[in-house]
Amino acid sequence: MRSISPQAARIATPLISVVMANYQAGDKLVPAMQSVLRQSVADLELIVCDDASGDDSVAIAERFMRDDPRISLIRADANGGPARSRNRGLEVARGQWIAIVDSDDIIHPERFERLLAAANYADADIIADDLLHFYEDGAQATLLLRAGQDTLFSVDAAQWVGAGFDGSAPLGYLKPMIRAEVLADLRYDESLRIGEDYDLVLRLLLAGASMSILPEPYYLYRRHSGSISHRLSVADLEAMLISQTVMRAWLGNVPEELAQSFDRRQEQLGNGLAFEELVAAVKGRRLVQVASLLVREPRLGQRLWQSFSEGRRRKAQAPRVQQSPVAVTLGPSGRGVPDYVPVDAEDWTAPRQRQAWLELADLGHGQPIDVICLDDASRHAAGFIPLVRIREAVAQAEAELVK
């Protein structure tokens with residue numbers, strides 16, 4: 001048998017396989033790929049699955065491939081949606097863990113290292129973190145902060161299905177990292193163009209997998225007009241309803257808590273579908289259908305008016321103007337940041353400091369910003385700034401002056 005060097009063995013069987021479905025992300029693909037390749041865990045492969053993009057996405061990926069052998073590219077002849085793209089990546093993934101990162105998003109440089117440590121601590125088969133949403137207008141928000149979750153917590157199937165009710169956060173938007181041996185031959189439902197992560201994780205939980213969530217926003221989730229999740233369509237909601245109905249029938253008798261969660265989600269999806277049908281009818285000027293929907297569900301009228309009013313208010317608001325300096329210094333003699341806690345000293349039961357990260361993320365107001373980092377704490381903090389450009393050479397020089 002031919003011997004394999006330790007370095008070659010790591011490449012042949014990476015610790016993490018990152019599957020990145022892409023459809024016309026264009027320049028947004030650059031920071032997405034960079035954020036994966038600059039992870040503190042270097043033992044990974046990045047599988048870019050292009051879904052028949054008509055822009056320069058493939059050329060961008062190929063340019064990265066020339067400089068980094070950890071990247072592979074899968075090209076589709078026709079557009080099939082994110083679920084199909086991810087399934088292509090899963091077929092060739094070789095890692096012990098499978099991570100999902102979208103081609104227009106960014107991840108913190110220590111994301112994988114922290115998630116692996118948290119998963120090992122909790123003995124979890126699936127691990128996910130909070131999302132830090134950053135918008136075209138610069139606004140920042142996190143998914144879990146408003147729900148009051150601030151320590152590592154576990155989630156079962158009933159909690160996963162019921163998430164999003166009674167003030168809880170809709171967990172289906174999270175981007176999971178999954179043990180490959182648990183995922184095995186399970187794949188995404190290709191009939192879904194949205195909610196596909198939710199569906200996959202649910203099937204894993206129902207099969208007995210364990211899941212934990214770290215409410216620290218190491219995943220920087222870009223919200224823009226081209227995002228698939230920006231607006232649910234009638235077809236998307238119909239597919240989600242069909243998927244849930246089929247699964248519920250297949251499961252048969254289930255524990256009461258899970259049954260109630262399914263019922264609440266079914267009602268929520270039904271209401272969402274009715275609203276989107278009304279919006280489509282209004283846009284299509286189908287007055288008979290509009291009247292029929294409003295007679296059947298009078299509350300839809302109020303919801304439509306609220307949506308219309310919010311849209312007008314957003315358009316009336318002046319866009320945020322970049323107020324940040326060209327560069328900001330973090331750390332000693334600069335802007336203070338929370339203490340840095342090494343991964344091996346992390347207390348996973350301690351409350352997260354996410355409000356501090358939100359303040360840091362807002363420094364650039366959604367625009368690229370140069371950051372001078374003077375110590376480990378500032379470098380860690382800079383990872384929460386969506387479009388940060390860390391000036392390492394200047395940082396080293398200033399660090400010498402501080403000594």
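The values are calculated or read from the model by the stated rules, or taken from the named source; none is laboratory data. The structure displayed is predicted, hence computed values, not measured ones. Positions of Cβ are backbone-derived with ideal geometry, glycine not excepted, and every protein chain shown enters the neighbour counts. Surface areas here come from the heavy atoms of the whole protein model, side chains and all, with no ligands, DNA or RNA. Shrake-Rupley method; radii C 1.70, N 1.55, O 1.52, S 1.80 Å.
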Task: All positions within segment 335-391 that are part of a helix (DSSP H, G or I) and of a type in the set (Asp, Glu) - done: 344, 359, 362, 376
Open item on the list: Among (1) surrounded by 16 or more Cβ atoms within 10 Å (Cβ to Cβ); (2) closer than 24 Å to residue 263 by Cα, there is one condition residue 129 misses while meeting the rest; what is its number?
Closed with: (2)
Task: Residues located in segment 359-379, provided they are within 17 Å of residue 110 (Cα to Cα) and under 20 Å from the mean Cα position of the chain (by Cα) - done: 360, 361
Open item on the list: Contact list please: Cβ distance under 9 Å, first residue in segment 63-77 and on the phi > 0 side of the Ramachandran plot, second residue part of a loop (DSSP other than H, G, I, E, B) and open to solvent by 40 Å² or more (accessible area, probe 1.4 Å), pairs at least six apart or on different chains.
Closed with: none
- [ ] Scan segment 115-124 residue by residue and report those that are in contact (Cβ under 8 Å) with a residue 60 or more places away in the chain and surrounded by fewer than 21 Cβ atoms within 10 Å (Cβ to Cβ).
- [x] 116, 117, 121, 122, 123
Task: Qualifying residue in segment 162-180 (condition: modelled with pLDDT of 95 or more and open to solvent by 20 Å² or more (accessible area, probe 1.4 Å)) - done: yes
Task: Number of positions in segment 236-291 that are touching a residue at least 40 places away in the same chain (Cβ under 8 Å) and part of a helix (DSSP H, G or I) - done: 19
TODO: Identify the single condition in (1) modelled with pLDDT of 80 or more; (2) part of a loop (DSSP other than H, G, I, E, B) that residue 318 does not satisfy, given that it satisfies every other one.
DONE: (1)
- [ ] Output the qualifying pairs, or none if there are none: Cβ atoms under 6 angstrom, residues six or more apart or on different chains, first residue in segment 93-104 and under 13 Å from residue 12 (Cβ atoms), second residue hydroxyl-bearing (Ser, Thr, Tyr) and open to solvent by 10 Å² or more (accessible area, probe 1.4 Å).
- [x] 94/13
Open item on the list: Just to be sure before I move on: is residue 87 out of contact with any Pro (no Cβ under 6 Å at 6 or more places or on another chain), polar (S, T, N, Q) and assigned to a loop (DSSP other than H, G, I, E, B) in the structure I sent?
Closed with: no
